[in-house]
Structures are given as structure tokens and as C-alpha cells.
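What follows is one structure encoded as C-alpha cells, with my remarks underneath.
The values are calculated or read from the model by the stated rules, or taken from the named source; none is laboratory data. Not measured: the values here are computed from a predicted model. Don't worry about glycine lacking a Cβ; one is built from the backbone with ideal geometry, like all the others, and counts go over all protein chains shown. Surface accessibility is based on the protein's heavy atoms, side chains included, excluding ligands, DNA and RNA. Shrake-Rupley method; radii C 1.70, N 1.55, O 1.52, S 1.80 Å.
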Amino acid sequence: QVSPALRTPRLPVWLCSVSGRHSVLFGTDSRLLSDWRSERIFHLYFYSGQREQTQTAHLTIDTHSHHWDEARREGPCSPGQRRPALEMAIRTRWAGATVSWNGTDPFF
């Protein structure tokens, strides 16, 4: 029998497969599970367990940012416009969101 806590998590947790690697994306704010208004600006943490990741990445997600505010000097396929696969995975849940890596070098 599955305990109620496993059926209804207390904190948001997503198991991810990004670029063929399994990882965990999680938040510490339980309001993300029940209150859509808390999805404006919030924090998520990413851990892959890979040797090259020495600490959990702290990400800030802004779902109301304007993608047209970004500089459009380069084409969409140029290196300056490419986004890490993790950001693209996050955008499958929050379309158009911007992801701040808070000083961590983006990986994947």
C-alpha cells in the first residue's frame, strides 16, 4: 500500500531525464503545488549526481518575463541564443519562463 505522502507530495519534485542523464529538479515552497499565484517568481534546485556537478544548482524561475526584452542581435541558432536543455525542460511546464542560474555556470 502506498502511503498518502507518496501520492500527494508535500514539496514539488520532478524526476528528469535531460540529455540522457537522470536528475532531480525540486522546490522548497509547497505553495507551488496548490497556488498558481506562487508561480510568478520562484526558486528550484537541480541535482544530477554527476561528478562534474559539485553542488546543487539554485535556479530562479520567472514566468512573467518578456522574451522580447532579450537582445535580438544574433540569430536564433547562434551560440548566444542557445539555451541549456534543462531550461528547455523547465519551459515544458512554464512556457516562456526565464531561468536565472544565480552565478552557476549553466550545464547540459
Somewhere in region 60-81, is a residue at pLDDT 85 or above, assigned to a strand (DSSP E or B), in contact with a His (Cβ under 7 Å, 6 or more places away or on another chain) and at negative phi?
-> yes
How many residues of region 1-57 are open to solvent by less than 70 Å² (accessible area, probe 1.4 Å), within 16 Å of residue 84 (Cα to Cα) and out of contact with any strand residue (DSSP E or B) (no Cβ under 6 Å at 6 or more places or on another chain)? The answer is 3
Go through region 12-66 residue by residue and tally those that are within 11 Å of the chain's Cα centre (by Cα), under 14 Å from residue 100 (Cα atoms) and without any contact (Cβ under 8 Å) to a residue 24 or more places away in the chain.
-> 3
